[in-house]
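Q: Below is the structure I would like to discuss, written out as structure tokens.
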Amino acid sequence: MPATILIGAQWGDEGKGRIADWLARDCDAMARYAGGDNAGHTVQIGAQKFQLHLVPSGVVHPGVTCILGSGMVINPIRLVRELDMLAAAGVDISPERIHLSTRAHVITPAHLELDGAEESARKGQAIGTTRRGIGPAYRDKAARTGLLTGEMADPDRFSTRVQAHIQRANPLLSDYYGQEPITTADLALEYGEAAQRLAPYLADIVTCVHDVLERGERLLCEGAQGTLLDLDHGHYPYVTSSSATAGGALTGLGFGPRHVDRVVGVAKAYCTRVGSGPFPTEQDNEIGLRLREVGGEYGTTTGRPRRCGWLDGVALRYAVRVNGLTELIITKLDVLSGFDVLHLATAYDLDGERVAQMPVSTAQIERAVPVYETLPGWQTDISDVRRLEDLPEPARHYIARIEALAGVPVRLISVGPEREQAVVC
Ligand code: GDP
Ligand code: IMO
Ligand code: MG
């Protein structure tokens, strides 16, 4: 059976973890392909709430094989911590079912410090990164000066390599950014210990992925971040440093497009963004505050309040194009209950002209003014609804408008954070 790619269709935090958990019931293996622990994916099963940063969300399904792909950047300390958290919650974390690519890149303490120092130096122009060392780690990867996860197979040598990496970065930190240099001995030791723990998980994940595909099993590629945070297709420089879009799944895992039969875009019923950068439909007012409070819009990774606004149809159409989405899944429709009217951006006004497609330049999107369609809201709580016909008519109409604007069908509507709170369309 072929592969499904699951993508965030907006600016991240669309509910990918919750949806990956839903789709996991029909898959045999799940792989993360890009990003690192800048991601925070929530899976809620009754009273149990998992916040996953590196391990695929399918890990809570006992039969699902989990792969951490070559396109990822891995902080070994954080991965060990996440595995410990899962084990304490009774999840099977054995290396027989969790495989870490030997070709992912390592986030070192130097990357963490540099991320913070660079953000501080940007002052008013800060990107608002998660300060998890993501950008500096991908920079080293591209410059061919990075450390591969495969090096953890020899923990002593790895420890020395981490120490050398820190020592190379120290002059930049102290002389250029005016920070204290990092003291290496304890950190290198800690990294060596983490390597010892992680070495049994190291695997050739190209073989893992192709074994899954050749056995006729279903692979789900769990995207992190979102389409508009993609390094190439988001609004640079207000992006992350990896390929968050569908193409990233192929390069990050090492398989070809002929294996993919579904590309599923996850979108919230409204929009959020955390960090700086353009956000045309942002509501920096009572509406935005209400969405934040009702939707619990605080970062899973950093706890930062998320910026909130109306659903952006231009952004959705862009996500359909850039990823080749075959379908959409809408989350958090329950959060919109109680609004008298809803606004949905169908186009932008750019310098006096109406544009229906996403402007390519960051300067243009910063000037774009959304053109809204106004739709009736609904007043009833929909979190217990499980059938499409039981949704209030205005809610069904809202979904129909999303389908018309995006040009692809909505296959699932999530009406709450818990596993069964969903409506199959
Ligand atoms: P991800 O990064 O895309 O996996 O999303 P996050 O986990 O960072 O953020 C999504 C948040 O919304 C989490 O707290 C989820 O538990 C929650 N959530 C997901 N789907 C729904 C939904 O349909 N309704 C509500 N109210 N909350 C949801
Ligand atoms: P999930 O997978 C939301 C944002 C940061 C910042 C920009 C660059 O949970 O949807 P980085 O640390 O990657 O260099 O930060 O990207 N960002 C996210 N926003 N959800 C995420 O992941 C994000 N990962 C990065 O806030 O604006
Ligand atoms: Mg998140």
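Q: Right, residue 105: open to solvent by less than 50 Å² (accessible area, probe 1.4 Å) and closer than 18 Å to residue 301 by Cβ or not?
A: no
Q: Just wondering, is there one or more residues in the range 183-203 that are under 12 Å from the mean Cα position of the chain (by Cα) and not basic (Lys, Arg)?
A: no
Q: Okay, next question. Failed condition for residue 75, given (1) within 16 Å of ligand 2 (Cβ to nearest atom); (2) open to solvent by 20 Å² or more (accessible area, probe 1.4 Å); (3) more than 23 Å from residue 267 (Cα to Cα); (4) of a type outside the set (A, V, I, L, M), with all others met?
A: If we test residue 75 against (1) within 16 Å of ligand 2 (Cβ to nearest atom); (2) open to solvent by 20 Å² or more (accessible area, probe 1.4 Å); (3) more than 23 Å from residue 267 (Cα to Cα); (4) of a type outside the set (A, V, I, L, M), just (2) comes out false.
Q: Mind checking which pairs have a first residue in the range 36-65 that is aromatic (Phe, Trp, Tyr) and a second that is within 12 Å of ligand 1 (Cβ to nearest atom), Cβ under 9 Å, 6 or more apart or different chains?
A: Final answer for the pair search is 50/17; 50/21; 50/41; 50/42; 50/43; 50/44; 50/57.
Q: Further question: So how many residues does the range 56-69 have that are away from ligand 2 (no atom under 13 Å from the Cβ) and open to solvent by less than 20 Å² (accessible area, probe 1.4 Å)?
A: So the count comes out to 7.
Q: For residues that are in a helix (DSSP H, G or I) and of a type in the set (A, V, I, L, M), scanning just the range 80-95, find the one that is nearest to residue 60 (Cα to Cα).
A: If we take residues in the range 80-95 being in a helix (DSSP H, G or I) and of a type in the set (A, V, I, L, M), then 86 is nearest to residue 60 (Cα to Cα).
Q: Continuing with this model, one more query. Could you grab me the full set of residues in the range 349-370 that are closer than 10 Å to residue 313 by Cα and in a strand (DSSP E or B)?
A: 370
Q: Sticking with this one: Of everything in the range 208-245, what is touching a strand residue (DSSP E or B) at 6+ places or on another chain (Cβ under 6 Å) and open to solvent by 10 Å² or more (accessible area, probe 1.4 Å)? Give them in sequence order.
A: Hits for the range 208-245 are 208, 225.
Q: When the residues of the range 256-286 are filtered to those that are over 25 Å from residue 355 (Cα atoms) and open to solvent by less than 50 Å² (accessible area, probe 1.4 Å), which remaining residue is nearest to ligand 3 (Cβ to nearest atom)?
A: It comes out as 274.
Q: From the set of residues in the range 1-52 that are more than 8 Å from ligand 1 (Cβ to nearest atom), over 20 Å from residue 216 (Cα atoms) and open to solvent by 30 Å² or more (accessible area, probe 1.4 Å), which is modelled with the highest pLDDT?
A: Only one residue fits best here, namely 22.
Q: Related question: Is at least one residue of the range 293-305 within 18 Å of residue 9 (Cβ to Cβ) and aromatic (Phe, Trp, Tyr)?
A: no
Q: Output the number of residues of the range 126-143 satisfying the condition of being more than 19 Å from residue 167 (Cβ to Cβ) and free of Cβ contacts under 8 Å to residues at least 60 places away in the same chain.
A: Of the residues in that region, 1 qualify.
Q: Working only within the range 411-425, note down all residues that are crowded, with 20+ Cβ neighbours inside 10 Å and under 26 Å from residue 321 (Cβ atoms).
A: Within the range 411-425, 413, 414 meet the criteria.
Q: Working only within the range 126-166, note down all residues that are in a loop (DSSP other than H, G, I, E, B) and either open to solvent by 60 Å² or more (accessible area, probe 1.4 Å) or among the polar types (S, T, N, Q) (or both).
A: Hits for the range 126-166 are 129, 130, 131, 144, 145, 154.
Q: Among the candidates 366, 297, which residue alone is touching a Ser or Thr at 6+ places or on another chain (Cβ under 8 Å) and acidic (Asp, Glu)?
A: None of the other options fit; the residue is 297.
The values are calculated or read from the model by the stated rules, or taken from the named source; none is laboratory data. Quantities reported herein were computed from a predicted structural model and do not represent experimental measurements. So basically every Cβ, Gly included, is an ideal-geometry build from the backbone, and we count neighbours across all protein chains shown. Accessible surface areas use protein heavy atoms only, side chains included; no ligands, DNA or RNA. Shrake-Rupley method; radii C 1.70, N 1.55, O 1.52, S 1.80 Å.
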